[in-house]
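Below: the structure, in structure tokens.
The values are calculated or read from the model by the stated rules, or taken from the named source; none is laboratory data. Worth saying up front: this structure is predicted, and the values here are computed from it rather than measured. Cβ atoms come from the backbone with ideal geometry, glycine included; neighbour counts cover every protein chain shown.
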Amino acid sequence: MKMVFRWYGEGNDTVTLKQIKQIPGVEGIVWALHDVPAGEEWPLDKIMAYKQLADEYGLHLEVVESVNIHDDIKLGLPTRDQYIDNYKRTIAKLASVGVKTICYNFMPVFDWVRTDLFKEMEDGSTAMFMEKAKIDNMDPIELVRKIAENPDYSMPGWEPERLARLSELFEAYRDVTETDLRNHLSYFLEQIIPVAERYDIKMAIHPDDPPYSIFGLPRIVKNRDDIAAILKLVDSPYNGVTLCSGSLGSNPSNDIAAMVRQFADRIPFAHIRNVHVYSNGDFIETSHRTTDGTVDICGIVQAYSEIGFTGYARPDHGRHIWDEQCRPGYGLYDRALGIMYLWGLWDSAERTKDSRQEVKAE
């Protein structure tokens, strides 16, 4: 397992590369050009600027999250080919700085949804929270207004230029079914995967967050069956999944450890985080510790050890603790604690596995 840490760039993150370098076992950063609109080709000079910064601290740039998909591709419009061509050229440029995995998503309009970015917990920390009943009855414009109250940091998946067209986007997706969206994803993958193979970069789709329909929008990466269907669209090791335990885990019926074992050879990137899901469907992001949430983080890490996972992993979202002022979910302290918890589980699982193999050899 190769541990990485998401970083939003100089001047756009409260966490520094110097701090990231000091977290035990972290090898690289998970990055993106957040100022480049979805669909546009990434400029090589901006890519090289990231590489120069990472090189100063001995960190690699092997995981990008995300090269966002333009809505014309998701909608299957005739104009999608120009944006797919931009994506192909971006892949080639990313290969030049050693990128090996691109995490992306195919969620319409919203990449992720929460109703409170700083919900206070019993211990005084805060975390991102979703109140399901509120989403079921909320006008999406109201949700956008709430997210926009956090102007200090860019919010991935909530790009202002896209959200300014919210009414237009909802109208565009009004008659798009899950079958339509899956067909449009298939078209995209048929064009992109051969290029990814050529440049040795694995594409890893991120699950829907949350993993069910919101505001009547189609969702196609909700569970094990959805993931299996997507991996079959283009049957290549370069068509993979970013297995996110937090996104999938907000539906308790999803068995993440079983998915790790089933899709073992198609998981180039793992997001490992915990959530506590309430009986009414609400959920809040917790510490990574297994007993603090409803996701079996211990069992998930055990499964990764069993399959001999050599891909990339990051601790994903954390709480906001010790009065840290940071981007929602992306402070330093709780994610660093999460990494140490994950390493502890991993080291224990690996030692147990080695002991069993020694006994078997005898």
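Quickly run through the range 96-110 and pick out the residues that are out of contact with any Ser or Thr (no Cβ under 6 Å at 6 or more places or on another chain) and crowded, with 19+ Cβ neighbours inside 10 Å. First the steps, then the outcome.
The initial filter retains those residues of the range 96-110 that are out of contact with any Ser or Thr (no Cβ under 6 Å at 6 or more places or on another chain), namely 96-102, 105-110.
Within the range 96-110, Val99, Lys100, Thr101, Ile102, Asn105, Phe106, Met107, Pro108, Val109, Phe110 qualify.
Looking only at the range 172-218, filter to residues that are among the basic types (Lys, Arg) and either at pLDDT below 95 or in a strand (DSSP E or B) (or both); which one of those is surrounded by the most Cβ atoms within 10 Å (Cβ to Cβ)? Outline the logic, then answer.
So in the range 172-218, the residues among the basic types (Lys, Arg) come out as 174, 182, 198, 202.
In the following step, the residues that additionally are either at pLDDT below 95 or in a strand (DSSP E or B) (or both) were identified as 174, 202.
Values: Arg174: 9, Lys202: 26.
Among residues in the range 172-218 that are among the basic types (Lys, Arg) and either at pLDDT below 95 or in a strand (DSSP E or B) (or both), the one surrounded by the most Cβ atoms within 10 Å (Cβ to Cβ) is Lys202.
Inspect the range 45-62 for any residue being on the phi > 0 side of the Ramachandran plot and touching a strand residue (DSSP E or B) at 6+ places or on another chain (Cβ under 8 Å) and give the result as yes or no. Spell out the reasoning first.
Initially, the range 45-62 is screened for residues on the phi > 0 side of the Ramachandran plot, giving 58.
Those still in the list that are touching a strand residue (DSSP E or B) at 6+ places or on another chain (Cβ under 8 Å) too: none.
No, the range 45-62 contains no residue that is on the phi > 0 side of the Ramachandran plot and touching a strand residue (DSSP E or B) at 6+ places or on another chain (Cβ under 8 Å).
Report the residue count in the range 18-44 for those that are touching a strand residue (DSSP E or B) at 6+ places or on another chain (Cβ under 7 Å) and among the aliphatic types (A, V, I, L, M). Give the derivation first.
Let us first name the residues in the range 18-44 that are touching a strand residue (DSSP E or B) at 6+ places or on another chain (Cβ under 7 Å), namely 20, 23, 25-32.
Imposing the further condition that a residue be among the aliphatic types (A, V, I, L, M) reduces the set to 20, 23, 26, 29-30, 32.
Counting residues in the range 18-44 that are touching a strand residue (DSSP E or B) at 6+ places or on another chain (Cβ under 7 Å) and among the aliphatic types (A, V, I, L, M) gives 6.
Cβ-Cβ distance below 6 Å, separation of 6 or more or different chains: which pairs start in the range 115-139 with a residue that is within 28 Å of Phe170 (Cα to Cα) and end on one that is in a helix (DSSP H, G or I) and not aliphatic (A, V, I, L, M)?
So the pair list comes out as Thr115/Lys134.
Is it the case that Pro151 is at pLDDT below 95, out of contact with any His (no Cβ under 6 Å at 6 or more places or on another chain) and in a loop (DSSP other than H, G, I, E, B)? Even if it seems obvious, please write down each step before you answer.
On the way: at pLDDT below 95: yes; out of contact with any His (no Cβ under 6 Å at 6 or more places or on another chain): yes; in a loop (DSSP other than H, G, I, E, B): yes.
The answer is yes for Pro151.
Could you go through the range 292-306 and let me know if any residue there is free of Cβ contacts under 8 Å to residues at least 24 places away in the same chain and over 22 Å from Glu27 (Cβ atoms).
Taking the range 292-306 as the starting set, the residues that turn out to be free of Cβ contacts under 8 Å to residues at least 24 places away in the same chain are 292.
This time we only want the ones that are over 22 Å from Glu27 (Cβ atoms), so: 292.
The answer is yes; a qualifying residue exists.
Go over the candidates Asp255, Asp282, Asp225 one by one and state the one that is within 30 Å of Asn137 (Cα to Cα) and in contact with a strand residue (DSSP E or B) (Cβ under 8 Å, 6 or more places away or on another chain).
Working: Asp255 fails: in contact with a strand residue (DSSP E or B) (Cβ under 8 Å, 6 or more places away or on another chain); Asp225 fails: in contact with a strand residue (DSSP E or B) (Cβ under 8 Å, 6 or more places away or on another chain).
Result: Asp282 is the single residue among Asp255, Asp282, Asp225 that is within 30 Å of Asn137 (Cα to Cα) and in contact with a strand residue (DSSP E or B) (Cβ under 8 Å, 6 or more places away or on another chain).
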